[in-house]
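All remarks here apply to the structure that follows.
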Amino acid sequence: MTHQTQGESPDPTTEGAATSQDRDAAATPAGEPAASDDALPPGAIPEDTRLPKGKSRWAFTRELVVIVAIALTLSFLVKTFLAQPFYIPSQSMESTLDVGDRIIVSKFTPQHSPLHRGDVIVFEDPKTWGSTPQHSSTLKRAVSDALVFVGVLPGGGEHVVKRIIGMPGDHVKCCTKDGKLTVNGVEITEPYIDQGSVPSTIPFNITVPKDKVWVMGDNRNDSADSRMHDGNSDGKLGSVPMSDITGQVVAIAWPISRIHALKDYSSVFAKVPDPS
């Protein structure tokens, strides 16, 4: 039997083991189990708490449906009360608006703010103008109408875009010896007319009825506007009911190269007096 004599150093192996145990004991707070080799990293989900695959797919589907529903609701609210996109299908407003342009139409006008001469507006095809023929299938048209209704797709189709020339009660006549329009007896110069066009190739002399507006396209040589639908009715058939107006065009939103706010041409009509 071996005895440790005074002055002898303790067994290094024994000392190392004791020191390691002491460290483990010191590193583990009282009342908590010691960390094991199988401990999960911070933030990891234990295997037994993971959702089954079926439930996980259902949760994802439910969240996706909620997100889509919220997006459609917001789009509908914006389209109904604030603004709505439309696309330009024809050349009648060139070169202010080109074919394929996506425009933004403000719903504040005329619902919450008045219209003015020179404003570009979008309106439903008036009944007095005849209906726009539908060439697409019933199903395709129904889907498209639904997407336009909620504001996902830009409108077009049965809507028309023109510029207001005459307000209710205005006397609009064409043309003077210089080939210009007059509104309430005042000759106007129209800088927005497409290059190569003239104010009108069709003479007319009308008074805009109450609650209606007289509209014309900027491409006067290729625009089926109030002139083309009036006949000899003195503005009754060709003028557009204000109740059919969707809103005022405020900007071009697409393509990128053409993004800009529409210019205000109120100065063109600044000298025009109110109708007598």
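The values are calculated or read from the model by the stated rules, or taken from the named source; none is laboratory data. Just so we're clear, the structure is a prediction, and the values are computed from it rather than from any experiment. Every residue, glycine as well, gets a Cβ built from its backbone with ideal geometry; the counts of neighbours run over all protein chains shown.
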Next item on the list: Check every one of the strands (runs of 3 or more DSSP E) wholly within region 36-135 and list those with 3 or more residues that are modelled with pLDDT of 90 or more and assigned by TED's automatic domain parsing to the domain that holds residue 191.
Entry: 102-106, 120-124
Check: Would a scan of region 216-231 turn up a residue that is closer than 15 Å to residue 94 by Cα, aliphatic (A, V, I, L, M) and in contact with a Leu (Cβ under 8 Å, 6 or more places away or on another chain)?
Finding: no
Check: Name the residues in region 162-182 that are outside any loop (DSSP other than H, G, I, E, B) and either modelled with pLDDT under 95 or over 26 Å from residue 106 (Cα atoms) (or both), would you?
Finding: 171, 172, 173, 174, 181, 182
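Conditions (1) surrounded by 15 or more Cβ atoms within 10 Å (Cβ to Cβ); (2) out of contact with any Phe, Trp or Tyr (no Cβ under 8 Å at 6 or more places or on another chain); (3) modelled with pLDDT of 95 or more; (4) over 22 Å from residue 185 (Cα atoms), marked per residue:
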{"site": "199", "(1), (2), (3), (4)": "yes, yes, yes, no"}
{"site": "202", "(1), (2), (3), (4)": "no, yes, no, no"}
{"site": "206", "(1), (2), (3), (4)": "yes, no, yes, no"}
{"site": "226", "(1), (2), (3), (4)": "yes, no, yes, no"}
{"site": "235", "(1), (2), (3), (4)": "yes, no, yes, no"}
{"site": "247", "(1), (2), (3), (4)": "yes, no, no, yes"}
{"site": "254", "(1), (2), (3), (4)": "yes, yes, no, yes"}
Checklist line | Pair list, Cβ < 8 Å and 6+ apart or interchain, from region 166-192 residues that are in contact (Cβ under 8 Å) with a residue 40 or more places away in the chain to residues that are among the acidic types (Asp, Glu) | finding: 168/211; 169/274; 183/170; 184/170; 184/274; 192/218
Item checked: Positions within region 85-119 being out of contact with any Gly (no Cβ under 7 Å at 6 or more places or on another chain), farther than 23 Å from residue 191 by Cβ and of a type in the set (Ser, Thr, Tyr), in sequence order -> 113
Next item on the list: Among residues belonging to region 200-223 that are small (Gly, Ala, Ser) and within 28 Å of the chain's Cα centre (by Cα), point out the one that is nearest to residue 248 (Cα to Cα).
Entry: 217
Notebook entry, point to check: For region 194-227, which residues satisfy the criterion of being outside any loop (DSSP other than H, G, I, E, B) and either basic (Lys, Arg) or not assigned by TED's automatic domain parsing to the domain that holds residue 262 (or both)?
Noted result: 212, 220, 227
